[in-house]
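K.L.:
The structure follows.
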Amino acid sequence: RDWPEGRGIFHNDKKTFLIWVNEEDQLRIISMENGGDVKGVFERLSRGIKAVQDSVKKESGKDFCLDEKYGYIHSCPTNLGTGMRASVHIDLPGWTKHGVDKLKARCEELHLQPRGTRGESGGQT
């Protein structure tokens, strides 16, 4: 099937809470905002997941697929378990003068993964 049949993205007015249907995962629930309120972003995410879960149960009588051993089951095996991935996008202007290789080496020392300017999907690191 071709876009947009069977998939789409839905968001609130502020675009701080989004639900992406049938992209890489069957359901991707996103909470994000500019600034440093990580707790607020997580709380909004938690409330949103609960609301989606309750709605799915009410409409279909089914729940998210939870395996005792593997956790929540997803179409992407790297998301097994909690199914949660957290990202923080920050601007590091001082590192550009040192070069991308130095930045990547420092991130590795800190057990971090540098991503592109467009998040995990690419863009310049």
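K.L.:
Efficiency by 1/(1 + (r/R0)^6): what FRET value for His111 and Ser60, r their Cβ-Cβ distance, R0 = 30 Å, to the nearest 0.05?
P.N.:
Working from the Cβ atoms, E equals 0.15.
K.L.:
Quick one: if the Förster radius is 25 Å, what FRET efficiency do Tyr70 and Leu27 give, using the C-beta to C-beta distance and rounding to 0.05?
P.N.:
Efficiency at R0 = 25 Å is approximately 0.90.
K.L.:
Helix 100-109 against the longest principal axis of the chain: what's the angle in degrees, Cα atoms only, rounded to the nearest 10?
P.N.:
60
K.L.:
I've got another one for you. Taking only the alpha-carbon atoms of the chain, what semi-axes of the equivalent ellipsoid follow from 5 times the gyration tensor eigenvalues under a square root, in whole Å, largest first?
P.N.:
The answer is 31, 17, 16 Å, longest axis first.
K.L.:
For the chain, what's the relative contact order in percent, using C-alpha pairs closer than 8 Å and at least 6 residues apart?
P.N.:
Taking the mean separation of contacting Cα pairs over the length of the chain, I get 11 percent.
K.L.:
Related question: Just the accessible area for Glu23, please: 1.4 Å probe, Å², rounded to the nearest 10?
P.N.:
Taking all protein chains as shown, Glu23 has close to 80 Å².
K.L.:
Okay, moving on. With a point put 7 Å past each Cα toward its Cβ, work out how far Trp95 is from Phe42 in nm, to one decimal.
P.N.:
Reported label-point gap for Trp95 and Phe42 is 2.2 nm.
The values are calculated or read from the model by the stated rules, or taken from the named source; none is laboratory data. Just so it is clear, the structure is predicted and the values come from calculations on it, not from any experiment. With ideal geometry, Cβ positions are generated from the backbone for all residues, glycine too; neighbour counts draw on all protein chains shown. Heads up: the accessible areas ignore ligands, DNA and RNA and are worked out on the full protein's heavy atoms, side chains in. Shrake-Rupley method; radii C 1.70, N 1.55, O 1.52, S 1.80 Å.
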